[in-house]
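K.L.:
Structure provided below as structure tokens; questions to follow.
Just so you know, all these numbers are worked out from the coordinates, no wet-lab data involved. Owing to the predicted nature of the structure, the values given are computational and were not obtained by experimental measurement. Positions of Cβ are backbone-derived with ideal geometry, glycine not excepted, and every protein chain shown enters the neighbour counts.
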Amino acid sequence: MTQKISIGKLAMLVASLTPEELKPFTEQLKDVDYCSGKSGSMNMQKVISAVETSAKRNHIISDELYRETHALYHAILEALEGVMRGQMAAGEMMRTVGLRFAVVRGSPYEKFDEGEWLAVAFYGTIGAPVKGLEHETFGLGINHIG
């Protein structure tokens, strides 16, 4: 029997590991819905849009239910705070990001009535918009689906 891994840890694994490195976690990923992608930009709106588009296209959230989009938005913002170290700006501060992201939807609690939650993780680089002057960064956000 495999041990259940939290949605936050799964999101961090999916965002940061290659498909080959993810193979040992195949069983745990069957318990959740998830998607992943990449976004690089000096514009945070583009990063947010990339995550939201991926989540909708992969049916992680419904584009017909505002509460699901709202929950995703807050999880994205929380994760970006980690990436940006609390300063939610990129191009305006002469920095850019190159990120892989993951969105994981699951039920992290034993009690069914606690409902489903979303975890968003980013892994990649942030730095001056000059190749080679960036460093690694990570961010995680988790929010309940109201």
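K.L.:
Taking H as built 1.01 Å from N, whose amide H comes closer than 5 Å to the amide H of Gly40, not counting residues under 5 places away?
P.N.:
Here the answer is Leu99, since their amide H atoms fall under 5 Å of that of Gly40.
K.L.:
Between Lys46 and Ser62, how many nm apart are label points set 7 Å from Cα along the C-beta direction?
P.N.:
3.3 nm
K.L.:
Quick check: the angle from helix 44-57's long axis to the longest principal axis of the chain, C-alpha only, nearest 10 degrees?
P.N.:
30 degrees
K.L.:
For the residue pair Thr18 and Phe138, what label-to-label distance in nm results when each label sits 7 Å from Cα along the Cα-to-beta-carbon direction?
P.N.:
Output for this residue pair reads 1.9 nm.
K.L.:
Here is a follow-up. Residue by residue, what Karplus-based ³J(HN,Hα) values in Hz, rounded to whole numbers, does segment 123-134 have, using 6.51, -1.76 and 1.60 with θ = phi - 60° and x for Gly and Pro?
P.N.:
With coefficients 6.51, -1.76 and 1.60, one gets 9, x, 10, 9, x, 4, x, 10, 3, x, 9, 9 Hz.
K.L.:
Would you tally the net charge around Thr18, using a Cβ to Cβ cut-off of less than 13 Å, leaving Thr18 out, and scoring K and R as +1, D and E as -1?
P.N.:
Around Thr18, the surrounding residues sum to +1.
K.L.:
Going by alpha carbons, how many degrees (0 to 90, nearest 10) lie between the helix axis of 66-84 and the longest principal axis of the chain?
P.N.:
Helix 66-84 sits roughly 50 degrees off the main axis of the chain.
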